[in-house]
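Report on the following structure.
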Amino acid sequence: MASINKAILIGNLGADPELRYTSSGSAVANFNIATTEKWKDKDGQMQERTEWHRIILWSRQAEIAKEYLHKGSSVYIEGRIQNRSYDDKDGVKRYISEIVGQRMQFLGGRGGGAQSDSGPSEPPPAPPGNLEDGDDDLPF
């Protein structure tokens with residue numbers, strides 16, 4: 001039986017994307033986006049919860065994100081959930097969940113309406129360049 005690992009998020013960036021390059025020259029960008037859920041509790045009071053999601057983009061898509069996305073930008077991200085561990089500066093093992101982006105669409109602001117997609121194209125047209133997602137190995 002086949003399995004599916006897909007996340008779809010619409011949120012706002014908490015800071016500008018960070019762009020780095022691997023030793024082999026592949027671009028990788030990471031940033032966090034916030035999604036907010038609102039509801040009324042049993043007493044009719046509005047409640048709100050914000051979740052932060054770490055996003056990883058590769059290759060040309062990473063460079064486009066660095067150029068057009070900024071703190072506060074709204075963005076649509078489709079990708080796969082990836083869990084990994086690392087040792088922090090004190091040698092303590094930490095665990096992290098990330099979304100490895102496969103499709104990104106800007107939702108307003110400077111890059112409004114532009115799309116970068118490693119899958120089938122949909123309007124509006126994608127920026128020029130090859131936007132396939134890159135290596136699975138993270139350089140950090």
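The values are calculated or read from the model by the stated rules, or taken from the named source; none is laboratory data. Everything numeric in this text was worked out from a predicted model, so none of it was measured. Every residue, glycine as well, gets a Cβ built from its backbone with ideal geometry; the counts of neighbours run over all protein chains shown.
I need the full set of residues from region 77-111 which are touching a strand residue (DSSP E or B) at 6+ places or on another chain (Cβ under 8 Å) and not in a strand (DSSP E or B), in order please. It would help to see each step written out before you state the result.
Of region 77-111, the ones touching a strand residue (DSSP E or B) at 6+ places or on another chain (Cβ under 8 Å) are 77-88, 93-109.
Of everything in region 77-111, those that are touching a strand residue (DSSP E or B) at 6+ places or on another chain (Cβ under 8 Å) and not in a strand (DSSP E or B) turn out to be ASP88, LEU107, GLY108, GLY109.
Being out of contact with any Pro (no Cβ under 7 Å at 6 or more places or on another chain) and among the basic types (Lys, Arg), is that true of even one residue in region 104-115?
First, pick out the residues of region 104-115 that are out of contact with any Pro (no Cβ under 7 Å at 6 or more places or on another chain): 104-112.
Next, only the ones that are among the basic types (Lys, Arg) stay: 110.
Yes, region 104-115 has at least one match.
Would you pick out the residues in region 3-49 that are hydroxyl-bearing (Ser, Thr, Tyr) and surrounded by fewer than 10 Cβ atoms within 10 Å (Cβ to Cβ)? Before you say what the answer is, go through the steps one by one.
Filtering region 3-49 for residues hydroxyl-bearing (Ser, Thr, Tyr) gives 3, 21-24, 26, 35-36.
Selection gives SER3, SER23, SER24.
Residue check, ILE81 against (1) under 12 Å from the mean Cα position of the chain (by Cα); (2) of a type in the set (Val, Ile, Thr); (3) modelled with pLDDT under 95, all met but one. Which one?
Answer for ILE81: the failing condition is (3).
What pairs come out if I take residues in region 11-38 that are closer than 16 Å to GLY108 by Cβ and pair them with residues that are among the aromatic types (Phe, Trp, Tyr) whose C-beta lies under 6 Å away, six or more apart or interchain?
Listed by first residue and then by second, the contacts come to LEU13/PHE31; ALA34/TRP52.
Can you spot a residue in region 66-89 that is without any contact (Cβ under 8 Å) to a residue 60 or more places away in the chain, of a type in the set (Val, Ile, Thr) and crowded, with 16+ Cβ neighbours inside 10 Å? Talk me through it step by step, then tell me what you get.
Going through region 66-89, the residues without any contact (Cβ under 8 Å) to a residue 60 or more places away in the chain turn out to be 66-71, 82-89.
Cutting the leftovers down to of a type in the set (Val, Ile, Thr) gives us none.
Checking region 66-89: not a single residue is without any contact (Cβ under 8 Å) to a residue 60 or more places away in the chain, of a type in the set (Val, Ile, Thr) and crowded, with 16+ Cβ neighbours inside 10 Å.
I'd like the full set of residues that are more than 13 Å from the chain's Cα centre (by Cα) and not in a strand (DSSP E or B), limited to region 46-62. Can you show your working first?
First, pick out the residues of region 46-62 that are more than 13 Å from the chain's Cα centre (by Cα): 46-51, 59-60.
Residues satisfying the conditions are SER59, ARG60.
Would you check if there is a residue in region 52-59 being small (Gly, Ala, Ser), surrounded by fewer than 19 Cβ atoms within 10 Å (Cβ to Cβ) and touching a residue at least 24 places away in the same chain (Cβ under 8 Å)? Steps first, answer last, please.
Just the residues of region 52-59 that are small (Gly, Ala, Ser), to begin with: 59.
Still in the running and surrounded by fewer than 19 Cβ atoms within 10 Å (Cβ to Cβ): none.
No, the conditions are met nowhere in region 52-59.
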